[in-house]
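Quick note: the coordinates plus some simple rules give every number you see, no bench work behind them. Keep in mind the model is a prediction, meaning the values are calculated, not measured. Note that each Cβ is placed from the backbone with ideal geometry, even for glycine, and that neighbours are counted across all protein chains shown.
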Amino acid sequence: MIALVTGANRGIGREVARQLVEAGHTVLVTARSADAAAGVAAELGPDAHPLRLDVTSTDDVVRCAADVADRFGVLDALVNNAAITYDTWQRAADADLDVVRDAAETNLYGPWRLVQALLPLLRASRHGRIVNVSSEAASLAGMGGGTPAYTVSKVGLNALTRMLAAELRPDRILVNAVCPGWVATDMGGPGGRPVTAGAASVVWAVTLPDDGPTGGFFRDGRPLRW
Ligand SMILES: NC(=O)c1ccc[n+]([C@@H]2O[C@H](COP(=O)([O-])OP(=O)(O)OC[C@H]3O[C@@H](n4cnc5c(N)ncnc54)[C@H](OP(=O)(O)O)[C@@H]3O)[C@@H](O)[C@H]2O)c1
């Protein structure tokens with residue numbers, strides 16, 4: 001399988017890339033710093049290919065799609081992992097809307113523009129997978145206040161997951177949202193579970209069999225409430 005992981009230079013994305021390479025897959029290790037992408041790819045070995053990709057840049061996304069097309073002609077899995085702004089410091093009632101907009105640019109429009117650009121390559125695969133790394137914080141069923149920029153962007157990502165799953169069903173592309181759980185990364189802070197466990201929750205959805213679920217929201221392979 002050829003998989004592309006966004007934000008693969010640190011945290012959960014880096015570990016997802018590592019686990020996929022370890023399982024024998026080819027991984028496009030993307031990061032907004034070319035040096036960071038190259039460093040991680042060098043550590044992971046010859047099946048890891050570095051690519052600079054800032055998900056907020058249409059130019060980057062277009063160049064990335066052209067690069068993958070030239071080198072591989074196909075993409076089996078897209079892992080939309082990159083995200084920003086776990087805004088524990090603000091509330092919806094008085095949130096800075098510029099911060100909310102910035103979060104959506106990375107966390108929602110980033111995955112969206114990447115899907116649009118890479119869709120021809122995903123359609124060329126017989127086993128297309130799109131995994132949107134979300135958060136249970138975006139579950140409307142149990143939603144309270146707080147982290148408004150982050151939460152609204154992930155609610156949007158969950159909605160995008162449902163729509164893409166329906167629209168891409170005829171192409172047999174499985175599209176799911178995954179929560180990695182609370183994970184000890186720069187974003188999650190100390191105290192969360194190990195990054196290996198968070199990444200495994202994501203890898204589960206990347207490596208689903210062809211008759212696996214689509215349009216779902218999962219953590220550790222178990223459904224979460226929308
Ligand atoms: N950690 C948790 O407890 C937790 C819980 C639920 C969900 N999640 C989700 O899990 C995913 C990974 O989180 P994490 O904890 O690993 O976060 P992290 O340690 O903060 O890493 C975030 C990654 O996203 C990249 N990134 C940010 N903006 C980008 C952009 N415009 N283009 C490309 N890459 C960009 C960062 O790259 P730079 O190094 O260049 O900044 C970094 O590689 C996120 O979607 C997050 O919402 C995490």
Some residue of region 199-207 being within 11 Å of the ligand (Cβ to nearest atom), among the aliphatic types (A, V, I, L, M) and surrounded by fewer than 18 Cβ atoms within 10 Å (Cβ to Cβ): no
Number of the exception - residue 75 against (1) away from the ligand (no atom under 15 Å from the Cβ); (2) surrounded by fewer than 24 Cβ atoms within 10 Å (Cβ to Cβ): (2)
Of the criteria (1) within 15 Å of the ligand (Cβ to nearest atom); (2) in a strand (DSSP E or B); (3) not β-branched (Val, Ile, Thr), which one residue 3 fails: (1)
Hits in region 51-65 - residues which are more than 13 Å from the ligand (Cβ to nearest atom) and under 17 Å from the mean Cα position of the chain (by Cα): 65
Unmet criterion (only one of (1) loosely packed, with under 13 Cβ neighbours inside 10 Å; (2) under 15 Å from the mean Cα position of the chain (by Cα)) for residue 132: (1)
Candidates 21, 16, 68, 40, filtered to the one that is β-branched (Val, Ile, Thr), in a helix (DSSP H, G or I), under 24 Å from residue 198 (Cβ atoms) and away from the ligand (no atom under 15 Å from the Cβ): 21
Residue among 166, 149 that alone is under 30 Å from residue 72 (Cβ atoms), of a type in the set (A, V, I, L, M, F, W, C), more than 10 Å from the ligand (Cβ to nearest atom) and in contact (Cβ under 8 Å) with a residue 12 or more places away in the chain: 166
Neighbours by Cβ (under 6 Å, 6+ apart or cross-chain): first from region 181-202, closer than 18 Å to residue 85 by Cβ; second buried (at least 17 other Cβ atoms within 10 Å of the Cβ) and hydroxyl-bearing (Ser, Thr, Tyr): 187/86
